[in-house]
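The values are calculated or read from the model by the stated rules, or taken from the named source; none is laboratory data. Note that the structure is a prediction, hence the values are computed from the model and not measured. Cβ placement follows ideal geometry from the backbone for every residue including glycine, while neighbour counts extend to all protein chains displayed. For accessibility, only protein heavy atoms count, side chains too; no ligands or nucleic acids. Shrake-Rupley method; radii C 1.70, N 1.55, O 1.52, S 1.80 Å.
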Amino acid sequence: MTAAVSIKNLRVTFNGAAVLEDITCKTRCGELTVIVGRSGSGKSTLLRAVNRLNECFPGCSTTGVVRLSLHDGQLAVYADGTCPERLRGRVGMVFQSPNVLPLSIERNMLLPQRLVRGITGRAAEEIMRRMLRRVGLFDEVCDRMDAQAATLSGGQQQRLCLARALALEPEVLLLDEPTASVDYQSARRIEDLLLSLKDELSLLVVSHSLPQTRRLADRVLLIREGRLTGQWHRGQANADAAFEKMLSTTF
Amino acid sequence: MSAGSHISSPIPARIVIAVSAWISAAVVLSIFLFLAWFCRPLLDTTVLSSLLSWDWRPFQGDFGILSMLTGSLLLASSSMLLAFPVGMGICCFVHGVGPPGPARLVLWTIKLMTSVPTVVYGFVAVFVLVPLLRDVFREGSGFSLLAAILGLAVLVLPTVVLMLHSQFLTIEPQVRLTAAALGMAPSQKLLHLVIPASGRGFLAAAILGLGRALGDTMIPLMLAGNAAQLPGSVFDSIRTMTAHIALVVATDSRSLAYLSLFACGLLLFMTTALINLGLRMLAGNRENGS
């Protein structure tokens, strides 16, 4: 099985202070990888290093190699010729807090498709409906597509963000604590959706929840003070015991 | 200072602010009443018809200020038409379209421009812009509507840029990461997310800039040539109401010509008041909307 995301000697600093040091790891296609660690350990920075979103923050400097396995071959994320916008069009991201655009529900779904993928008209509407159904939101919003997305509940907004990211048909999806700010029911729906997605695209999820990590993870990366201090894989020997041992100090 | 004195300080502060507000309101009202009072002698049918005419020939008894009113409106609106798109472009450059280093430099320069006295712009324009226009277009002396439009556009540019900048600052951070994570380019983010959500900021920048352009004296006085006439082209000389007041007030003090200045003053005052009222209505609508 090919590596979906391959990271080698990754170092990320902000204004000279190292947030990530010497990270080397691989995730596999068809797996759901969960990144765990205490607050401030660098989990989100690691996630944002995959789609170069750290560069949107002032004073960021990144060294090392991040490679993605995409349908049309390997992509070196930090190569000179790699356009960050095109990269992010293929590597979707969902944030901890729902980050709907200040537009209607429909425009939230259609505008990124038009701008990023050049898909408009009926084709874009069809994708929109398909993805809203996929996240279980279509029946809840189909009669008010013109309403501002901000009028939806927190859980609905997060599912809208997920649908919006999926509408761009990414090959890698990054999720930064996607269930942290939603209710229990919404969290379970999102988890079920992630499990159903892992056969189609590579998933990297930051999580603060031990039960969630246990339910979702095929692979776990443990980050402590900016360094990768442990890895776990569902297929390894004595997986359950190793899982408990590794995460007992984290949660 | 004891903690108690900190706790008791808000009440005197409120009183000081209230007194200041009432004094400011009283000053503005008294200016209006002062202008209206001095305009009383102009409320005669003959005088009023002379005043509301196109000819300014004080020695023949024509005191028409309509050409000055037209000059003011023409100059202010033209300079805004030039300054507004340029200001919008600069603001987009500052907010992600341009590289961070040059963007910071441009913003710093724009902020610096607000502290440059108007007379400096006028002085530089007289010795640089006016001869340039004269040599390039070979139309008249160079002291023209065009020179004043260019000079005034530079003057109001910081007002437009900083108003838009403050509006962008409230919206852009809300969508920056989302737009970037979706793969949108900075220009797409500005064009499709920030600018559409900045409608009221655009209107406020336009109104404030227009108010500044209408009220400026030094630029039209130094660059527009000050001929009280309707311009046939941008190379013709014009006179604005503000320049008219500055010119006549220094040379006359008793005649009807002098009194006509109060009509100009009242017109300027009312224009500015209308602009302020427009802004307040905008702010009110915004609060209700939110």
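Laid out as a table, the results:
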item	result
Residue, least open to solvent (accessible area, probe 1.4 Å), within segment B:97-124, restricted to residues that are assigned to a helix (DSSP H, G or I) and within 14 Å of chain A (Cβ to nearest Cβ)	B:Ala103
Number of the exception - B:Leu169 against (1) more than 14 Å from chain A (Cβ to nearest Cβ); (2) within 17 Å of B:Cys92 (Cα to Cα); (3) open to solvent by less than 50 Å² (accessible area, probe 1.4 Å)	(3)
Residue match in segment A:126-144 (condition: of a type in the set (Gly, Ala, Ser) and at pLDDT 90 or above)	no
Residues of segment B:183-206 satisfying the condition of being at the interface with another protein chain (Cβ under 7 Å from one of its Cβ atoms) and open to solvent by less than 10 Å² (accessible area, probe 1.4 Å)	B:Gly183, B:Met184, B:Leu193
Test: residue in segment A:71-94 that is at pLDDT 90 or above, crowded, with 21+ Cβ neighbours inside 10 Å and more than 14 Å from chain B (Cβ to nearest Cβ)	no
Enumerated helices (runs of 4 or more DSSP H) restricted to segment A:133-251, each holding at least 2 residues that are in contact (Cβ under 8 Å) with a residue 24 or more places away in the chain and in contact with a Pro (Cβ under 9 Å, 6 or more places away or on another chain)	A:154-167, A:184-197
Qualifying residue in segment A:122-135 (condition: open to solvent by less than 40 Å² (accessible area, probe 1.4 Å), at positive phi and more than 10 Å from chain B (Cβ to nearest Cβ))	no
Residue within segment B:143-166 that is under 24 Å from B:Pro231 (Cβ atoms), outside any helix (DSSP H, G or I), away from chain A (no Cβ under 13 Å) and open to solvent by 10 Å² or more (accessible area, probe 1.4 Å) present	yes
Qualifying positions in segment A:26-48 - outside any strand (DSSP E or B) and either more than 13 Å from chain B (Cβ to nearest Cβ) or more than 19 Å from A:Val206 (Cα to Cα) (or both)	A:Cys29, A:Gly30, A:Glu31, A:Arg38, A:Ser39, A:Gly40, A:Ser41, A:Gly42, A:Lys43, A:Thr45, A:Leu46
Residue that is farthest from A:Val91 (Cα to Cα), among those in segment B:172-182 that are at the interface with chain A (Cβ under 9 Å from one of its Cβ atoms) and open to solvent by less than 40 Å² (accessible area, probe 1.4 Å)	B:Val175
Where a residue in segment B:257-273 is more than 11 Å from B:His244 (Cα to Cα) and its partner, wherever it lies, is assigned to a helix (DSSP H, G or I) and of a type in the set (Ser, Thr, Tyr), with Cβ under 8 Å and at least six apart	B:Leu268/B:Ser72; B:Leu268/B:Thr242
